[in-house]
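Asker: Let me begin by handing over the structure; questions about it come next.
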Amino acid sequence: MLDAREKIIGFASRTDGAVTVYAMFFTLTVLLLGGVAIDYNNGIRSQAHLRVVVDAAALAAALDLPDENAALASALTYAAANAPPSIYGTVVQPSNVEFGRWDSGARAFTASVTPTNAVRVQAYRNSASGNSIRNMFMGFLGRPTWDIAAESVAIGVDNSCGGGGLFTTDMIDSGSNNSYDSFCLYGKYGVKISSDNSFASGSKIEMPNLGDFSQGGSNSGVNSALQKNTHPLPMIATIDPIVNSLSSGSTTYVPSWATNGPVFLSEITDSTKLESNTFYVVGNVADFGSNVTIENIVVVAKKEVKTGSNVTMRNVLFASKDKILFGSNNDFGTTNFCSTGKYSVTLFAKDNIEFGSQSKLRGVLIASRKELKVGSEITEFSASLAQVGGKITFGSAGTISGCSTALTSDYLTSSSGTNYAAWGLVH
């Protein structure tokens, strides 16, 4: 038998079982790191969810502007629907919904500033709200909970000008003796008018910097119409994708009434026989000539789309990779333009769009990447809306008016019954 001394030395020198101790510490370390990863990913997922909650709440509120009470109710309703208080606690309190103004140039929201055009919604899961995210493992490292927050700003585009207006990212230069009624002029770099114009109630002259306004003489109603404002012009960005899509023969942007086509033609002349309710893709110029009626057709052309004089046009979509040009004494749209609630003629051009003199434009939707030119003695420029990337030149002695509510189009976000159209999230 081994004596006691030998037994002690033997026990101290044995190595069996040592791996079990190391494995235990390794396993605990791996479990702790895995737990930390689980808690971290849960925090990231919860943050993403909270962002969805504020985005939905802000957009819902923007739809109800300028009615702030209705907008607040919508924000809270959508927040609760996407983050039920029984599960997440109350993530959006009434005090977390603010109304103010979004400055697109500075990309900044200022609360409690009028005129209001935006809503900011903030959401919280934190200890102050009593709904922090509880960690399963990070409590062992002294972090038992996550506190997270999210915010979103949505603007409601002032659509009181939706009933009729000329909008440009450049400037407007308008002539004399024009009569404006419930109509808006907006130039990002200013508006210039000549003399003897009149602006009835409901008309606006808007620009970001009022120092960019100039007038050549006496003009009635200018002081009431002149306002500092900024308008996003979403249609300008849609011109290229819409024209390119139509040019490829895609029917994505073709109105539902154009049930035939696409029909591919090398050109259109005044002798080309066109069928109603048809979509035409033209490889060169589409020239309809004079003394014709154009109804219920869609035409996209690689080069110019143009007409001469004495043309009647209704229920038409024209698009061009070049210019769209119209002569004088033409009649666009229908006489009951306000009651129809829809635009009758829609125009998309990557270059200029130009109208001759002594014409009637009723319910015409205009989108041009470059300039818009409108001649003089326009007997009606009614309920027509233009969003243009270049300068707008408008002649003299025109009668210009809008409808009490915005007309609708598949190509323009608009809203009836309110003064705003939800435009989107900006932050």
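Asker: For region 191-216, which positions are in contact with a Lys or Arg (Cβ under 6 Å, 6 or more places away or on another chain) and of a type in the set (S, T, Y)?
Answerer: S214
Asker: Which of the residues spanning region 337-354 are hydrophobic (A, V, I, L, M, F, W, C) and either over 16 Å from V316 (Cα atoms) or not assigned by TED's automatic domain parsing to the domain that holds L317 (or both)?
Answerer: Once the filter is applied, which keeps residues that are hydrophobic (A, V, I, L, M, F, W, C) and either over 16 Å from V316 (Cα atoms) or not assigned by TED's automatic domain parsing to the domain that holds L317 (or both), region 337-354 yields only C338.
Asker: So which of T20, T15, T116, T77 ends up being of a type in the set (V, I, T), at negative phi and at pLDDT 85 or above?
Answerer: T77
Asker: I'd like to verify a number: residues in region 253-300 that are buried (at least 19 other Cβ atoms within 10 Å of the Cβ) and of a type in the set (D, E), how many?
Answerer: 1
Asker: Could you look through region 230-275, keep only residues that are among the β-branched types (V, I, T) and assigned to a loop (DSSP other than H, G, I, E, B), and pick out the one that is modelled with the lowest pLDDT?
Answerer: T230
Here's the yes/no breakdown for (1) within 26 Å of the chain's Cα centre (by Cα); (2) modelled with pLDDT of 90 or more:
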residue: F99; (1), (2): yes, yes
residue: D103; (1), (2): yes, no
residue: A111; (1), (2): yes, yes
residue: R134; (1), (2): no, no
residue: F140; (1), (2): no, no
residue: P144; (1), (2): no, no
residue: S152; (1), (2): yes, yes
residue: S160; (1), (2): yes, no
residue: L166; (1), (2): yes, yes
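Asker: Oh, and also: Please name all residue pairs, on different chains or six or more residues apart, with Cβ atoms under 7 Å, provided the first residue is in region 188-200 and is under 13 Å from N223 (Cα atoms) and the second residue is at pLDDT below 95 and among the acidic types (D, E).
Answerer: Pairs found: A200/D181.
Asker: Another question, then. How do the strands (runs of 3 or more DSSP E) wholly within region 334-410 filter down when requiring 1 or more residues that are surrounded by fewer than 21 Cβ atoms within 10 Å (Cβ to Cβ) and without any contact (Cβ under 8 Å) to a residue 12 or more places away in the chain: which remain?
Answerer: So the answer is none; nothing clears 1.
Asker: Please work out which residue is nearest to G130 (Cα to Cα), limiting yourself to region 73-96 and to residues that are without any contact (Cβ under 8 Å) to a residue 40 or more places away in the chain and surrounded by 19 or more Cβ atoms within 10 Å (Cβ to Cβ).
Answerer: Top of the filtered list is V92.
Asker: Kindly indicate the residue of region 170-224 that is part of a loop (DSSP other than H, G, I, E, B) and among the aliphatic types (A, V, I, L, M) and also nearest to A367 (Cα to Cα) among those meeting that condition.
Answerer: The extreme case among them is M171.
The values are calculated or read from the model by the stated rules, or taken from the named source; none is laboratory data. Bear in mind the structure is a predicted one, so any value in this text is a computation, not a measurement. We place every Cβ from the backbone using ideal geometry, glycine too, and count neighbours over all the protein chains shown.
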